[in-house]
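Only one structure is covered here, and it is reproduced in the block below.
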Amino acid sequence: MIADVRSSLTPGGWPAVGYEPRPWAAEPSPFASRRQSLRARGPYSAAVPATIARLTPTVDSALAARAEEALTELSRFDAEVGRIPAPFSAILLRSESASSSEIENLSSGARALALAELGAKSTPNARLILGNVRAMHAALELAEHLDSTAIVRMHDALLRDSQQEHVGSFRHEQVWIGGAGPHSADFVAPHHERVAEGIDDLLAFADRTDLPLLSQIAIVHAQFETIHPFPDGNGRTGRALVQALLRRSGTTRHLTVPVSGGLLADTGRYFRALSAYREGSIEPIVSEFADASLAAVSNGRELVADLASIRADWARRSTSRRGSLADRLLDVLTEQPVIDGTTAARMGGVTLANALLGIERLEADGVLSRVNQGARNRLWQAAEVLDALDRFAERARRGAR
């Protein structure tokens, strides 16, 4: 057994990640140069995260005040929008999932994602983002029972349709970030023998109720990313875990506030904050989450206002009878902006023929437009909603902090 490696305390009082030597038996690539082959031989250094369950984080007073303000704004936004009789919860969850995926360079327009949710032909990225939507749902459902099994289930929801070989348990192999191997990597995650105990320690820290909440959540996320418990999907699972902690704490009760949209504004800064955490500095990652939360609320409010305005305009334009299928579909379309006859019939509890009549009425009123042509597999879109969702994504990328 390799001896434990103690992490050193930094001036800020938080332990930096330690490192330990590990043997490496894999042969260098036959395409590597002689120098690269020599560098890829022999032991490598793997991270040993500090034990944090009993540590108490401290940040300067200005950052602590900003973190408290961010929590207050998250809770206020959740309460405001939660009272509105419109399906904003699903819309914001989808927006959070899309932003979290885009941090990993998986981007998709709103229409492609809506098509994928409908089971229609779409882009590969949109189908991968659907996995993130499932992971977010799982995180919220499991928020009151966060343990190792819950984390594995979130990850399973994320990757079961795309990387089945990686789901069902924590990893059983060494992983690293950057480089062609552990000798040249930017960061070598803990050896897989350390993952289970690392997650148990992280969950014990997450279960504490005596810590400033946003600092606690930011540190849980950074520690999770440091442990890197899966071969792939760690970032997306770690950001789903953030939503679970916000829900469990009662900060959010109705919504998934798109915090990842705030992180998306400057992913380089976000990744540097994670690196700083490994070096023993917690303030950068706490600052990232405070700023991202405030940006998420601002951007989310603008999205909700856009969608409410669109819905009100539809009501003025609509010629459908109150209570008819066409009238009821107006509420559905803000949540599901691409629709077909079968889906409309199922949602409305009517025959396919009557559903198509309702859709055609909305098309005549300018609410819907055809996505495709031909008599089979007909699809319609609420283009104004899709445009509003794409504007939300663009604002997140620009980063109105």
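Tabulated results
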| item | result |
| --- | --- |
| Residue pairs meeting the criteria (Cβ under 6 Å; at least 6 apart or on separate chains; first of a type in the set (Phe, Trp, Tyr), in region 289-315; second part of a helix (DSSP H, G or I)) | Phe289/Leu214; Phe289/Ala218; Trp314/Leu330 |
| Every pair of residues 6+ apart whose Cβ atoms lie under 8 Å, when the first sits in region 153-179 and is within 26 Å of Tyr19 (Cα to Cα) while the second is of a type in the set (Phe, Trp, Tyr) | His166/Phe230; Phe170/Phe230; Arg171/Phe230; Trp176/Phe187; Ile177/Phe187; Gly178/Phe187 |
| Hits in region 204-228 - residues which are among the charged types (D, E, K, R) and under 16 Å from Ala65 (Cα atoms) | none |
| Residue that is farthest from Gly280 (Cα to Cα) [pool: residues in region 243-266 that are open to solvent by less than 10 Å² (accessible area, probe 1.4 Å) and assigned to a loop (DSSP other than H, G, I, E, B)] | Leu255 |
| Identity of the residue in region 211-242, touching a residue at least 60 places away in the same chain (Cβ under 8 Å) and part of a loop (DSSP other than H, G, I, E, B), that ends up surrounded by the most Cβ atoms within 10 Å (Cβ to Cβ) | Pro229 |
| Filter result for Glu27 (at pLDDT 90 or above and either open to solvent by 50 Å² or more (accessible area, probe 1.4 Å) or within 27 Å of Thr237 (Cβ to Cβ) (or both)) | no |
| Leu356 part of a helix (DSSP H, G or I), under 12 Å from Leu368 (Cβ atoms) and open to solvent by 20 Å² or more (accessible area, probe 1.4 Å) | yes |
| Yes/no for Leu92 being of a type outside the set (Ser, Thr, Tyr) and within 27 Å of Glu302 (Cα to Cα) | yes |
| Ala388, sole failed condition from (1) assigned to a helix (DSSP H, G or I); (2) touching a Gly at 6+ places or on another chain (Cβ under 9 Å); (3) surrounded by 15 or more Cβ atoms within 10 Å (Cβ to Cβ); (4) not acidic (Asp, Glu) | (2) |
| Which listed residue, of Arg35, Arg76, Arg54, is at pLDDT 75 or above and part of a helix (DSSP H, G or I) | Arg76 |
| Hits in region 194-210 - residues which are open to solvent by less than 10 Å² (accessible area, probe 1.4 Å), without any contact (Cβ under 8 Å) to a residue 60 or more places away in the chain and either within 19 Å of Gln243 (Cβ to Cβ) or among the polar types (S, T, N, Q) (or both) | Ile199 |
| Pick from region 325-353, criterion open to solvent by 20 Å² or more (accessible area, probe 1.4 Å) and not in a helix (DSSP H, G or I), ranking: nearest to Ala110 (Cα to Cα) | Gln336 |
| Check on Ala315, at pLDDT below 95 and surrounded by 22 or more Cβ atoms within 10 Å (Cβ to Cβ) | no |
| Hits in region 170-185 (condition: under 14 Å from Glu225 (Cα atoms) and assigned to a loop (DSSP other than H, G, I, E, B)) | Phe170, Arg171, Val175 |
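Let's see how each residue does on (1) of a type in the set (A, V, I, L, M); (2) farther than 25 Å from Phe187 by Cα:
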site	(1), (2)
Ala116	yes, yes
Gly119	no, yes
Ile129	yes, yes
His137	no, yes
Leu159	yes, no
Gly168	no, no
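For every residue, the table says whether it meets (1) in contact with a Phe, Trp or Tyr (Cβ under 7 Å, 6 or more places away or on another chain); (2) modelled with pLDDT under 95; (3) open to solvent by less than 20 Å² (accessible area, probe 1.4 Å); (4) small (Gly, Ala, Ser).
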{"position": "Ala116", "(1), (2), (3), (4)": "no, yes, yes, yes"}
{"position": "Asn132", "(1), (2), (3), (4)": "no, no, yes, no"}
{"position": "Ser148", "(1), (2), (3), (4)": "no, no, no, yes"}
{"position": "Ala157", "(1), (2), (3), (4)": "no, no, yes, yes"}
{"position": "Ala180", "(1), (2), (3), (4)": "no, yes, no, yes"}
{"position": "His191", "(1), (2), (3), (4)": "no, no, no, no"}
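The values are calculated or read from the model by the stated rules, or taken from the named source; none is laboratory data. From a predicted model like this one, the values you see are computed outputs, not experimental measurements. When we count neighbours, we look across all protein chains shown, and the Cβ atoms used for this are built from the backbone with ideal geometry, even at glycine. Side chains are part of the model used for accessible areas, which takes the heavy atoms of the whole protein and leaves out ligands, DNA and RNA. Shrake-Rupley method; radii C 1.70, N 1.55, O 1.52, S 1.80 Å.
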